[in-house]
Amino acid sequence: MHPLVVASGAFVAYLVAYYTYGRWLGRRVFELSAANVCPSEALRDDRDFVPTRSSVVFGHHFVSIAGTGPIVGPALAVFWGWLPALLWVLLGSIFIGAVHDFGALVVSLRNRGQTIGEIAARVLNPRVRILLLLVLFLALMIVLAVFGLVIATIFAAYPVSVFAIWIEVPIAIAVGYLVYRRGGNVTALSIIAVVLMYASVYVGAYHLPLDIVKNPWLALGGTGAAAESAGLSPYANAVVAWTLILFVYCFFASVMPVWTLLQPRDFINSHQLFVALALLCAGLVMASFLGSLHFVTAPVTRPPADAPPLIPFLFITVACGAVSGFHCLVSSGTTSKQLRSERAARLVGYGAMLLEGGLAVVVILACTAAIGMGVWDLGTGRAVALVDADGGALTGAAAWHHLYGQYTWRELRFANQLAAFIEGGANLLHTLGIPIQYAIGLIAVLIASFAATTLDTATRLQRYVVAELGTAVGVPVLANRYVATTVAVVTAGAIALISGPAGPGSGGMILWPIFGATNQLLAGLAFLVIAFYLLRHRKPVWFLVVPTILMLVIPGWALSYEVVGWWADRNYLLVALALAVQLMQVWIVVEGLYLLPRVRGVLPDPLPPRHTLPHTVAAPAAGE
């Protein structure tokens, strides 16, 4: 099958799903109504609760749930072949992932923008709330530690991306100011911002690559022999330095009002994505027309002996490209506090996940087809030069072997997965006449922008979780915005900065093996909360039965499989965490099964009286 046929079929399937299954969910199950007042209006404080145009919220929601998940996950899952990864991305995103995100958003909108953990206390019971919050805290801590590493790795390996990512911060703040203080048009301003961003990519690619390795004045702990003696290679040195800078930035970004940075930057990034996807799709067409695009690996491949079995590990490896428990935190944590019309929940909740699935499809094609058009050398851990083979670039199956075939499962590096998409995507852009160096910068900036958005959003979400835990266990000081943010940043930063599998700065990778299964289990638990909400309101739940069972059984199966290996390797930390997560999951499921026969039609306890919150900014809704 030709890659272009695969891409066309996938995007048609997503359009059909949105206008059929998504519409049915919105009308018949959730009964969305424009008459319902959203939390952004009822509790408006212009810091977290900010009524915002649906297109802006869509941009925030999409780039927050996407991050590097639909890139790294599918880029690793193609280790088993492109066909299994493609089928799970398509079916999972349409019938499970999008339903999960949509349901979590609607349930939060109907409960004053509460997070899924708070809602669990009312639709299930308070004990479940504590257990769920602990799982959320662990998952978010890992997300923060690893996504910090992802961005730091991109900065270190692709210094051409650094200038553009940081210049986006003042650009976004300017857009937020002009929209909310001066009444500017958010769409026009964000388009101008994207143009400035692409100009900054050119500057970074050709004139100002901020390379810590080559610029000692930027390096942490010096360079040369002194750094080596301290256990820091130049590359690891760069990763550590960028990780530190990123977490300091995260603290300030996550306590700022959403309209000052979070919303405008996410909207800019969403436009950046639309442009990038359009260019990538155009590149697919052009490469197909030129006859240079074809799959360079079999539909189903035989992975090395040390690889885990396809089932259940395909599901937790693809992760965000099909379904992710992290998404319920975004839906109920930040998105529900900004949406100003309930009718827009289908576009944002269901539609954004389908678009993420579309991105995952493009990633699969870039890593298994476009990568065969040429590859950059990662032999030193950094993409620095084209690999020459018989006087030309490394192409075809040899390119696949360079990034995948020569490695065992354990040897496959994080940088390889990023490089597979960056190099493959850049090859597609190059068919359109875009210089390869600039194309590399565009794709690297795209990934780093997504990861940075997720890092910001995850920090804010962890602040909510810490505050809720503090309230639940009777430690009110944790509800303070600055205290909760400090806890979020310090815990994740401490893990990220310790020495891990790839040396100093890769500490997040120590816990990363547990994240895939934990993340999927979280989706199963969120499905439980959504199902109990619907049951209490006498709504149909049959369509949730299979997704809920799959998201509880398959991740639990995978986690149990991994525990055996970790025990044999004497990795008792992961064993302890995995067993703790399994215990909490089983506890929550048992609580749910106990309540199941007695909740249908029994409404949860009413929310406490609402207090009017003072408006801190007299500003119109974004884009008005």
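The values are calculated or read from the model by the stated rules, or taken from the named source; none is laboratory data. Remember, it's a predicted structure, so these values are computed and weren't measured experimentally. Positions of Cβ are generated from backbone atoms using ideal geometry, with glycine treated the same way; all protein chains shown enter the neighbour counts. We work out accessible area using only protein heavy atoms, side chains counted, and drop any ligands, DNA or RNA first. Shrake-Rupley method; radii C 1.70, N 1.55, O 1.52, S 1.80 Å.
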Inset, instruction - Filter the stretch 531-549 down to residues that are among the β-branched types (V, I, T) and surrounded by fewer than 21 Cβ atoms within 10 Å (Cβ to Cβ) and give me whichever is farthest from P312 (Cα to Cα). - result: V541
Legend entry - Subset of the stretch 2-50 (residues that are touching a residue at least 12 places away in the same chain (Cβ under 8 Å) and within 28 Å of V296 (Cα to Cα)): H2, P3, L4, V6, A7, A10, F11, A13, Y14
Inset, instruction - Exactly one condition in (1) surrounded by 14 or more Cβ atoms within 10 Å (Cβ to Cβ); (2) assigned to a helix (DSSP H, G or I) is not met by P604; state its number. - result: (2)
Inset, instruction - Any chance you could count how many residues in the stretch 260-273 are farther than 27 Å from L4 by Cβ, surrounded by fewer than 24 Cβ atoms within 10 Å (Cβ to Cβ) and of a type in the set (A, V, I, L, M, F, W, C)? - result: 1
Inset, instruction - Might you let me know whether the stretch 88-97 holds any residue that is under 25 Å from L534 (Cα atoms), among the small types (G, A, S) and surrounded by fewer than 18 Cβ atoms within 10 Å (Cβ to Cβ)? - result: no
Inset, instruction - Restricting attention to the stretch 13-24, report how many residues are surrounded by fewer than 13 Cβ atoms within 10 Å (Cβ to Cβ) and either within 11 Å of G358 (Cβ to Cβ) or touching a Cys at 6+ places or on another chain (Cβ under 8 Å) (or both). - result: 1
Inset, instruction - Would you be able to say whether some residue in the stretch 288-295 is in contact with a Leu (Cβ under 9 Å, 6 or more places away or on another chain) and either buried (at least 24 other Cβ atoms within 10 Å of the Cβ) or hydroxyl-bearing (S, T, Y) (or both)? - result: yes
Legend entry - Matching entry among A276, A282, A298 (being in a loop (DSSP other than H, G, I, E, B), hydrophobic (A, V, I, L, M, F, W, C) and surrounded by fewer than 24 Cβ atoms within 10 Å (Cβ to Cβ)): A298
Legend entry - Exclusive hit being in contact with a helix residue (DSSP H, G or I) (Cβ under 9 Å, 6 or more places away or on another chain) and open to solvent by 10 Å² or more (accessible area, probe 1.4 Å), set A451, A467, A484: A467
Inset, instruction - Would you mention how many residues in the stretch 323-339 are under 12 Å from F58 (Cα atoms) and in contact with a Ser or Thr (Cβ under 7 Å, 6 or more places away or on another chain)? - result: 6
Inset, instruction - Just name the residue that is nearest to G325 (Cα to Cα) out of those in the stretch 547-603 that are among the small types (G, A, S) and out of contact with any Leu (no Cβ under 7 Å at 6 or more places or on another chain). - result: A558
Legend entry - Cβ-Cβ under 6 Å pairs, at least 6 apart or on other chains, the stretch 422-450 side more than 16 Å from M197 (Cα to Cα), far side open to solvent by less than 10 Å² (accessible area, probe 1.4 Å) and not in a helix (DSSP H, G or I): E423/V375; N427/G374
Inset, instruction - Report, by residue number, each residue of the stretch 28-37 that is open to solvent by less than 10 Å² (accessible area, probe 1.4 Å) and either over 25 Å from F543 (Cα atoms) or not in a helix (DSSP H, G or I) (or both). - result: F30
Inset, instruction - Quick one: which residue in L4, L25 is part of a helix (DSSP H, G or I) and in contact with a Ser or Thr (Cβ under 6 Å, 6 or more places away or on another chain)? - result: L4
Inset, instruction - Mind counting the residues in the stretch 110-126 that are open to solvent by 10 Å² or more (accessible area, probe 1.4 Å) and either under 24 Å from the mean Cα position of the chain (by Cα) or closer than 26 Å to L511 by Cα (or both)? - result: 3
Inset, instruction - Hey, could you check the stretch 522-565 for residues that are touching a Phe, Trp or Tyr at 6+ places or on another chain (Cβ under 9 Å) and among the aromatic types (F, W, Y) and say which is nearest to L25 (Cα to Cα)? - result: F543
Inset, instruction - Being of a type in the set (F, W, Y) and within 26 Å of L91 (Cβ to Cβ) is the filter; apply it to the stretch 546-583 and report the residue that is farthest from the chain's Cα centre (by Cα). - result: Y561
Inset, instruction - Could you list, in sequence order, all residues of the stretch 525-555 that are assigned to a helix (DSSP H, G or I) and of a type in the set (K, R)? - result: R536
